[in-house]
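Student: Provided herewith is a single structure, encoded as structure tokens, for subsequent inquiry.
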Amino acid sequence: MSHLLLTLALLALQACLCRGACVEVDSNTEAVEKKGFKLGCISCKKRGEVPASAFVDWYFKESVDHNFTHVYRYENKEANITDERFFERLVWNGSKHTNDLQDGSIFILNVTFNDTGRYKCIFSRTLMYPAYEFSTFPNKTIDMTVVPELTRGWASILSEVMMYVSLIGLQVWLVIEMIYCYRKISVAGEEALRESAPEYLAIASESKDNCAAVQVAE
């Protein structure tokens, strides 16, 4: 019975892994001028086994604006840029080969300072249950800033410094260990020579006496 339960558990785990997992991750917010930048927007279904279809709308509002402007829609595997400020600069970077969208990310090409502002993505999702359909509209808001060049946080700088300090410390430790081992081997060799010297002299003396005895016998 226990073997049967174990087998069923493994099959269930394998099925879950085959479907894949959806994880909601916050988008980066700092873009670099004249570079590309990914606006991340992920909305996972609460029940992955329920079939669904969705389309994604993106809106943009500059810091001086009061209202959002519709700039992009992805529906039925087709993209449509609706704001001339972003013509030929927005590329779909979300879920591929499906209408059950859970990743609604887009990629901005050739970022400019005018792209600074607040972005909002809205999923229009329809969950299809056996007896009815249910619509939800999850959304994410991203405040994006544009800088001349990528700035590094203190944590990143400190981490790199600590890495180099660790490497230097390791090299120094290896050098000290090599010197210690060399001296230990040298001392051991000298002691071995001192211990073997009397024995060598004794053997030499005995050989000399044997030679003298042979000469006298002759």
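The values are calculated or read from the model by the stated rules, or taken from the named source; none is laboratory data. Just so it is clear, the model here is predicted, and its values are computed rather than measured. With ideal geometry, Cβ positions are generated from the backbone for all residues, glycine too; neighbour counts draw on all protein chains shown. Note: accessible area is taken over every heavy atom of the protein model, side chains too, but ligands, DNA and RNA are not part of it. Shrake-Rupley method; radii C 1.70, N 1.55, O 1.52, S 1.80 Å.
Student: How many nm is it between the label spots at Glu78 and Arg47, if each spot is 7 Å from the Cα in line with the beta carbon?
Tutor: 3.2 nm
Student: Next question, about the same structure. How far, in nm, would the chain grow between Val64 and Ile185 when pulled straight, counting 0.36 nm per residue and subtracting the alpha carbon separation?
Tutor: Roughly 35.9 nm would be gained on extension.
Student: Right, another one. Could you give each residue of the range 128-138 its phi-based ³J(HN,Hα) in whole Hz, using Karplus coefficients 6.51, -1.76, 1.60 with θ = phi - 60°, and x for Gly or Pro?
Tutor: Karplus-based 3J(HN,Hα) across the range 128-138 equals 10, 7, x, 9, 6, 10, 9, 9, 10, 9, x Hz.
Student: Quick one: with all protein chains in place, what share of the accessible area of the range 58-119 is carbon or sulfur, to the nearest percent (1.4 Å probe)?
Tutor: Answer for the range 58-119: carbon and sulfur cover 45 percent of the accessible area.
Student: May I pose another question? Over the range 57-120, what portion of Cα pair distances is larger than 19 Å, expressed as a whole percent?
Tutor: Within the range 57-120, distances greater than 19 Å cover 30 percent of Cα pairs.
Student: First measure r as the distance between the Cβ atoms of Val91 and Tyr129, then evaluate 1/(1 + (r/R0)^6) with R0 = 25 Å and state the FRET efficiency to the nearest 0.05.
Tutor: E(calc), rounded to 0.05, equals 0.15.
Student: Within the range 84-180, list the GluC sites (Glu not before Pro) lying in a DSSP loop whose Cβ has at most 11 other Cβ atoms in a 10 Å radius.
Tutor: Filter output for the range 84-180: Glu88, Glu149.
Student: Would you mind computing, in nm to one decimal, how far apart the modelled labels at Glu30 and Met178 are, each placed 7 Å from Cα along Cα→Cβ?
Tutor: 4.0 nm
Student: Related question: To one decimal place, what Kirkwood hydrodynamic radius in Å is obtained for the range 17-100 from all pairs of distinct Cα atoms?
Tutor: Kirkwood hydrodynamic radius for the range 17-100: 15.1 Å.
Student: Also: Give me the 1.4 Å probe accessible area per residue for the range 36-154, excluding ligands and nucleic acids, in Å².
Tutor: 58 Å²
Student: Another question, if that's okay. How much length is gained if the chain between Ser166 and Val23 is pulled fully straight, taking 0.36 nm per residue apart and subtracting their Cα-Cα distance, in nm to one decimal?
Tutor: Computed gain between Ser166 and Val23 is 48.0 nm.
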